[in-house]
């Protein structure tokens, strides 16, 4: 096949890929096709199929590619600064879109959007990140903020700073979320302890804690769904004096 014929064939393949996306969205595209399509945006005259295959193998899937460090991405043959810009830009745009879509939405009726945002922003991180979702008196989302970042195994969460941030945002309620880099969202003893402390600190300051979500790989744990928030409500519902004695 001469160069002219190869370019014509490559152009036809790209166009079919673009039309497939325009017609069906991402649902009908494989991870390889998604990465290939992103790479073609900054690589007008090169076959990107093998590059897409290589980078997916190198970073263990689509999520790994999108979360990968810029310098490490460029170590894959065929990927340069323009390609990495495209890969990282689409990831950050998606993250910002999901976050902005939450604002002004009622938390309880938008749990799927909350989960989508948290899964996208936390699932494949290599270190623990602690986020707070601030809610107004109507349980509408005011803001989502990252407060703490930790190591591979733990994140130092300080209740005083968490509650102060809630007061600064004039929040009536808060939802906490952090990830488990292992992919297993099962809460640790430390997770239970810090959630209980945050619940009690919020109750003293008049800020309701609605939930604490732990995000794993395509799974999550909800302290509210498992009945822990309700249990603490019953246990510490007698007033701040009893709560203060409990914390002593």
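With the structure loaded, tell me whether residue 16 is surrounded by fewer than 17 Cβ atoms within 10 Å (Cβ to Cβ), part of a helix (DSSP H, G or I) and modelled with pLDDT of 80 or more or whether it fails that test. Taking the combined requirement at face value, the residue satisfies it.
The residues of segment 126-136 that are modelled with pLDDT under 90 and over 17 Å from residue 187 (Cα atoms) amount to a single one, 126. Of all residues in segment 182-202, at least one satisfies being touching a strand residue (DSSP E or B) at 6+ places or on another chain (Cβ under 8 Å), at pLDDT 90 or above and under 29 Å from residue 89 (Cα atoms). The residue list 31, 5, 60 contains one member that is modelled with pLDDT of 80 or more and out of contact with any helix residue (DSSP H, G or I) (no Cβ under 6 Å at 6 or more places or on another chain), which is 60.
Residue 124 falls short on exactly one of the conditions (1) part of a loop (DSSP other than H, G, I, E, B); (2) in contact with a helix residue (DSSP H, G or I) (Cβ under 6 Å, 6 or more places away or on another chain); (3) not assigned by TED's automatic domain parsing to the domain that holds residue 170, and that condition is (3).
I'm trying to understand the selection: among the residues of segment 26-64, which are under 21 Å from the mean Cα position of the chain (by Cα), assigned to a helix (DSSP H, G or I) and free of Cβ contacts under 8 Å to residues at least 24 places away in the same chain? 26, 27 - these are the residues of segment 26-64 that are under 21 Å from the mean Cα position of the chain (by Cα), assigned to a helix (DSSP H, G or I) and free of Cβ contacts under 8 Å to residues at least 24 places away in the same chain.
The values are calculated or read from the model by the stated rules, or taken from the named source; none is laboratory data. Computed from a predicted model, the values in this text were never measured in an experiment. FYI the Cβ positions are ideal-geometry reconstructions off the backbone, even for glycines, and counts take in every protein chain you see.
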